[in-house]
Structures are given as structure tokens and as C-alpha cells.
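Enquirer: Following this message is one structure expressed as C-alpha cells.
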Ligand code: GLC
């Protein structure tokens, strides 16, 4: 469901003004200055927080309940960060999928059911509630739509998420919770912003709700035939102009038009999506709405990813005592049937095996990388051709390459902790969390300067926390890999760099402040 466009050009910086906190929050990593210009929020100047503001996150997944990728982690950890000191009433609503495990479900409380109108349909909607870390979660239950394995990939996904979004709007009345901020994430939640604008804002209780829409990946836009606008989505053709794009319904476009503000998950990506090279066809819409766009870098949950306490690790360690990381490396080598060699650097990749992750670059120079004294560890699933290529590479380079075609959180943590270098040469990357997790575990990142990779990893040569290259070119990547291997051999320098990576602030502390400032500015 994506369109493509190629052609690079520069973009401009656009800042979102906001007022509220006294001090200007500082971005964890200094701003980037080369094209495309990042779109950063500007620090607030004045204003006062009054009553507890109500924030509702609408999303298709949230960790720890159900997660297929970074979206879930962000929904889970950002909501927790915003709720932390009790200044906001933060709630999250997601579908009750079959795959949400019993260990969670057993504590969910059934609070009632309603019937939800969706065009001519009238569907059952059960509501479950659960609170954790100051955040109240709601789960939308309908077995016809959600009692299926997995979250996505069904012929009727449009209808499933339309039902979900319409349910969200109806549930507000049932629980008597009308948030000031309705924060919708990705296309599956886009219809909530559309329903607000086209149906609900005319009702008195809903008129003060303001919608924010966050793009986690512009590739997935939710495109459908225009024929089903009324019959399936229940939106009058009067509003066709809001959702129509390229002769289709485009839900992401509709949410961008309808929301008060839209954000994306790093300042650099906010600049990039104005460019056809990155926008998957939506750059015109993004540019037209640029005045309400800003990019805020994601964080990770430092408790969830803590090498000092992580039970998956062979040994625990911290920036103050890095030595046990050697045990993690040794055991990882043993586990993956690689020769146990403490001096040989391990380069790891943990990734979906799909083209925009930059795997073609790795394919192009794999032999050159492997000519050196290194070990390569690959974990992930994805396109058959990449799975076959990396499996074959492991066969050809036994004792140097280990490929594991699966996704397994426990093994991923063993790799994050046991490796020395983490390679992430993405062609595009809205934010990326793996480079932050790797850094936190003292595994130094090598990234291409795109999206959140550029905003979170700064080049070693300039005093940074990792290694970076700019152009999407295999030999530029090879050059920085070699640079990294050179630094690795200088033990003292390497220890300093590992420590720097581990102590970079990737927590939500700063980014959550940017969201707060954005909300408060919008509500002025
Ligand atoms: C998407 C993006 C990824 C980002 C994540 C969380 O999965 O592809 O780059 O980190 O969302 O925002």
C-alpha cells in the first residue's frame, strides 16, 4: 500500500511554537545542520499548567500487551513517561487482540459494553480496563474483528480499524472521559481524528478535544477505494476532500488534514518527509501542512532496557562496571557456535530483513567485511531473499557468521549485550530504537545518517557516541566499519567510546517535555 517517489531536495526548518515550561528543554543530541533540515519543536517561553490535563493515546498496539514493532514500545513508554509525576491523566486505548496473553488478560476488568455504529452496521463493543504505571488502558473487544492471530494483514483491516476508531469515540461517552488531547498514532488510529472532525466535534462534550497525529512510518498510509467512504468508514461524501488523495481514500492524509498538530518521531525525519525521496507520495500534503508539523525524537524505557538488571543477559553490567560484558560476549559466541575469541569484534544486526533497512549495502561488501578478523551476527525475519542470502552467508562463512531467522526478544538482548558493534545502515529510518538499545548495552552503533539514526548517533570523529556515514553507498559504509574496527583495536579508546554510548541519554525525560509543550501550546 505504498507509493514511491525518488528525488532528493532540501527542506526547511519549521518550529512548533509552544509555551508552558519555564526552561527551554534541551534536545539530548545537538541539532543537525545539514540537509534535509530537521523540524524541531521550539522551547516554550511562558504559561502555566492549571488543572490536570487529560490525554488519550489511540493506537493499534502498546507494549507490553501487544507489540509487533517500535510503535508499541513508544506508545507504552511515552504514555508512562507523561504520566510519571501525576500531572496528566494519561489513558491508552487499543484493540483486544487474541494474541494478548492470558497473564495480562486475567487482570483486565470488564467495565461494560456498548453498540457502535459504523455506517449501516451496529457492532458489539466490550470494554476492558487495566491500570499500570499511572496509565489507564482500555481494550476494545469484538471477537469478529480481533479474535484472529496477529494484528494486521487481513483483507478487512480497513473495517477492523474503522470499527476500532469509531469505538474509541463512542467509549468516551461511556466512561465519561473527554480528553483535551486525542493523540492518534499511525494510520490505524487516523480515523479517530477524522471522526472527531466530521462527526463528533458538533457534540458539546467533544468540542474541546484537540487531535494530534503521530507518523511512526509514512510508508503505511491506509489506502482504500473511494467507493467505500460512506458504506464502510461511515464518512459522508461531503468530506471526501479531506481524505481523498491520488484518487483513493488515504487515511494518513485525512488525519494530517484534520488534526491540530502532527508530529513524527525524529526532527530529521520531519524534514525528510517533505522530500519525495522519503515521503511515499505524501510530501505535497506534508509541505502544505508544515505549519503544524514537528519532529520529536523517541526515547526508550531505561528500566525495560537496563544491562544492570536485565534477566536475559548472561551477566549484568553497567557503565561503571563494564567488565562483565565480556562474559556476555563469550557466552553468545558459545551459544551461536562461533569460536570463543574475546579479541575478535562481533558486529551485530537485529532487524526486520527488508530493503529499507539497508541490507543491500551489507550484501554488496559482506565479503570485504568478512576478510577481516570479525564475527557477524544477524537476527531477524523478513523478505525471503534476504533470509536466504544471510542463511547462505552463514553456511559459507562457518565460524564467522551466525544467522538466526526468527524474532526473539530474549536472544535479541543476548546479542545487544554480547556484541561489540551494531550495524544499522537504513535507507530510511523514522526513528529507530535498536541503535539506542544497543548503545545502552555498550554496543557501539554504526548508522547511516537518516531520520532518528542521525539524531541519536553522532560520529566518533566529532566526539560522538558511534560511527556514521551519510550517503547510501556500500563503500562509505565499509569505510566507517573499518574506522570502527580500527578504534576497537585501541582498547583504551574503545572503553571510553563504550562508556560514552552507554551514558548517552536516550530516556524519555527530554522528549516527553517536548510533547507536553506541544499539547499545552495547542490547548492555549
Ligand atoms: C516505526 C519506525 C521506527 C520507529 C518506530 C517507533 O516502527 O519504522 O523507525 O522507531 O516506529 O516510533
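Only the coordinates and a few stated rules stand behind these numbers; no lab work does. Values in this document were obtained by computation on a predicted structure and should not be read as measured data. Because the Cβ atoms are built from the backbone with ideal geometry, glycine has one as well, and the counts that use them run over all protein chains shown.
Residue-by-condition table, conditions (1) in contact (Cβ under 8 Å) with a residue 60 or more places away in the chain; (2) in contact with a strand residue (DSSP E or B) (Cβ under 6 Å, 6 or more places away or on another chain); (3) closer than 30 Å to residue 502 by Cβ:
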{"residue": "250", "(1), (2), (3)": "no, yes, no"}
{"residue": "276", "(1), (2), (3)": "yes, no, no"}
{"residue": "279", "(1), (2), (3)": "yes, no, no"}
{"residue": "304", "(1), (2), (3)": "yes, no, yes"}
{"residue": "307", "(1), (2), (3)": "yes, no, yes"}
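Enquirer: Still on this structure: For residue 249, all conditions in the list (1) more than 16 Å from the ligand (Cβ to nearest atom); (2) crowded, with 21+ Cβ neighbours inside 10 Å; (3) within 28 Å of residue 63 (Cβ to Cβ) hold save one; what is the number of the exception?
Expert: (3)
Enquirer: Would you mention how many residues in the range 440-452 are more than 16 Å from residue 511 (Cβ to Cβ), buried (at least 24 other Cβ atoms within 10 Å of the Cβ) and within 16 Å of the ligand (Cβ to nearest atom)?
Expert: The qualifying residues number 4.
Enquirer: Let me ask another. Just checking: which of the helices (runs of 4 or more DSSP H) contained wholly in the range 261-353 hold 2 or more residues that are within 15 Å of the ligand (Cβ to nearest atom)?
Expert: Ranges flagged: 267-272, 276-279.
Enquirer: How many of the residues in the range 64-104 are part of a loop (DSSP other than H, G, I, E, B) and within 11 Å of the ligand (Cβ to nearest atom)?
Expert: 3
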